[in-house]
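See below for the structure under consideration.
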Amino acid sequence: MAIGAIVAVAMNTIAGEKMQGKEKIDAVVITGGEPTMQKDLLKFIQKIKKMGYLIKLDTNGSNPEMLHSIMKLVDYVAMDIKAPLEKYNEVTHSVISPEKIKRSIRVIIIQT
C-alpha cells in the first residue's frame with residue numbers, strides 16, 4: 001500500500017470516528033518512518049487540526065525546514081536524538097546531517 005493510501009485510510013478512520021460522535025479519539029500521533037519526509041505532512045496536520053484533535057509528532061530531526069513549518073500546529077513534539085552529534089553517523093549508520101539535527105533542536109527550543 002502506498003503512503004498516500006495509508007494517509008487516506010488514516011484520515012477516513014479519524015473522520016469516521018469524529019462523525020459518529022465517538023469519544024474514543026482525542027489526539028493523533030504522527031510517527032514514522034520519518035513523518036517530516038512526507039511532502040503533504042502540513043496539509044495532513046491542518047486537516048487533523050480542523051477536526052479538533054490534538055497532535056503529537058515523533059521525529060528524528062532530519063528535516064528542520066518541515067519541522068519549522070508545522071511547529072505552530074502541533075501540540076507536542078518528541079525528537080529522538082540517538083547519539084552524540086559528533087558520533088551521530090557512526091552510531092546510527094545513517095547519512096543524516098548532524099547540522100540538521102542541531103537546527104531541529106533549535107526549532108523546537110525557539111518555538112516552545
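Here are the numbers:
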| item | result |
| --- | --- |
| Where E86 falls short, out of the listed (1) closer than 18 Å to D40 by Cα; (2) touching a helix residue (DSSP H, G or I) at 6+ places or on another chain (Cβ under 8 Å) | (1) |
| Residue in the stretch 16-29 that is farthest from the chain's Cα centre (by Cα), counting only those that are at pLDDT below 65 and closer than 19 Å to D75 by Cβ | E23 |
| Subset of the stretch 48-61 [crowded, with 19+ Cβ neighbours inside 10 Å and within 27 Å of N89 (Cβ to Cβ)] | L57, T59, N60, G61 |
| From G32, G52, residue being outside any helix (DSSP H, G or I), of a type outside the set (A, V, I, L, M), at pLDDT 60 or above and closer than 17 Å to L67 by Cα | G32 |
| The stretch 49-104, residues that are within 16 Å of the chain's Cα centre (by Cα) and aromatic (F, W, Y) | Y53, Y76 |
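The values are calculated or read from the model by the stated rules, or taken from the named source; none is laboratory data. Remember, predicted model here, so these are calculated numbers, not experimental data. Cβ sites come from the backbone with ideal geometry, for glycine too, and all protein chains shown count toward neighbours.
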